[in-house]
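Structure first, commentary second.
The values are calculated or read from the model by the stated rules, or taken from the named source; none is laboratory data. Since the model is a prediction, treat every value here as computed from it, not as a measurement. We place every Cβ from the backbone using ideal geometry, glycine too, and count neighbours over all the protein chains shown. We work out accessible area using only protein heavy atoms, side chains counted, and drop any ligands, DNA or RNA first. Shrake-Rupley method; radii C 1.70, N 1.55, O 1.52, S 1.80 Å.
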Amino acid sequence: MEARLNLFENPVAAKLFRHLNAAGKVVSDSALPLATQELVKLRASQINGCGMCTDMHIKDALAAGEDPQRLHLVAAWREAKVFTEAERAALELAEQGTRIADAAGGVTDEAWANAAKHFDEDQLAALVATIAVINMYNRFNVIVQQPAGDYQPGMFG
């Protein structure tokens, strides 16, 4: 399988990704727990059908020491006992923020209030940014049909 467009060699895409990566660095340097960041990125990528990002965030989470069982259960997080209440709140916000078009009104007040119980304002800003940035990456990869499976942890920096 070949991508429709080489996002790594196209000058416009490369320039945009430099800015997007800089935005992602702000989040990775924030107080939002790394495990929460990876769970949110994985869940949004699953919802969007982005194989490249699903592969990447599973491998990055494993390399960071995440429990494989938790990663296997992300798609069924509501029924799984392995997530904290804060992680559940983040996953709910991620799902609603990813499925904006599916829900009249977007993210519910209840989902926001639940997340706000577990995260301070800076962490909430980082959580919202994580959701927005991963959705943008997902859309690039799905549109160009970026192949998945070859990612190695750390290969993009």
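Values as computed for the structure displayed
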| read-out | value |
| --- | --- |
| Check: the stretch 1-107 dipole with +1 on Lys, Arg Cβ and -1 on Asp, Glu Cβ, in debye | 220 |
| C-alpha center-to-center spacing [the stretch 100-123, the stretch 43-88] in angstrom | 19 |
| Helix 11-28 axis, angle to the chain major axis (alpha carbon atoms, nearest 10°) | 30 |
| Estimated vicinal HN-Hα couplings, Hz - the stretch 29-42 in sequence order (Karplus 6.51, -1.76, 1.60; Gly, Pro = x) | 8, 7, 7, 5, x, 4, 4, 5, 4, 5, 4, 5, 4, 5 |
| Over the stretch 10-66, relative contact order from alpha-carbon pairs under 8 Å, at least 6 apart, % | 26 |
| Theoretical ellipticity at 222 nm over the chain - DSSP helices of four or more residues, -39500 (n - 2.57) apiece, nearest 500 | -20500 deg cm²/dmol |
| Accessible area expressed per residue, the chain, with surrounding protein chains retained (probe 1.4 Å, Å²) | 55 |
| Set of aspartates and glutamates near Lys41 by C-alpha distance (under 17 Å), chain-local residues within fewer than 8 positions excluded | Asp29, Asp55, Asp60, Glu66, Asp67, Glu87, Glu92, Glu95 |
| Neighbour cut-off at most 13 other Cβ (10 Å), DSSP loop, GluC sites (Glu not before Pro), the stretch 39-94 | Glu79 |
| Under the Karplus curve 6.51 cos²θ - 1.76 cosθ + 1.60, θ = phi - 60°, whole-Hz ³J(HN,Hα) for the stretch 75-92, x wherever Gly or Pro sits | 5, 10, 4, 5, 9, 8, 8, 8, 10, 6, 4, 5, 5, 4, 5, 5, 5, 5 |
| Distance-filtered residues of the stretch 22-60 - backbone nitrogen under 19 Å, label point 7 angstrom along Ile100 Cα→Cβ | 23-24, 27, 40-50 |
| Accessible surface of the chain, 1.4 Å probe, proportion on carbon and sulfur as whole % | 58 |
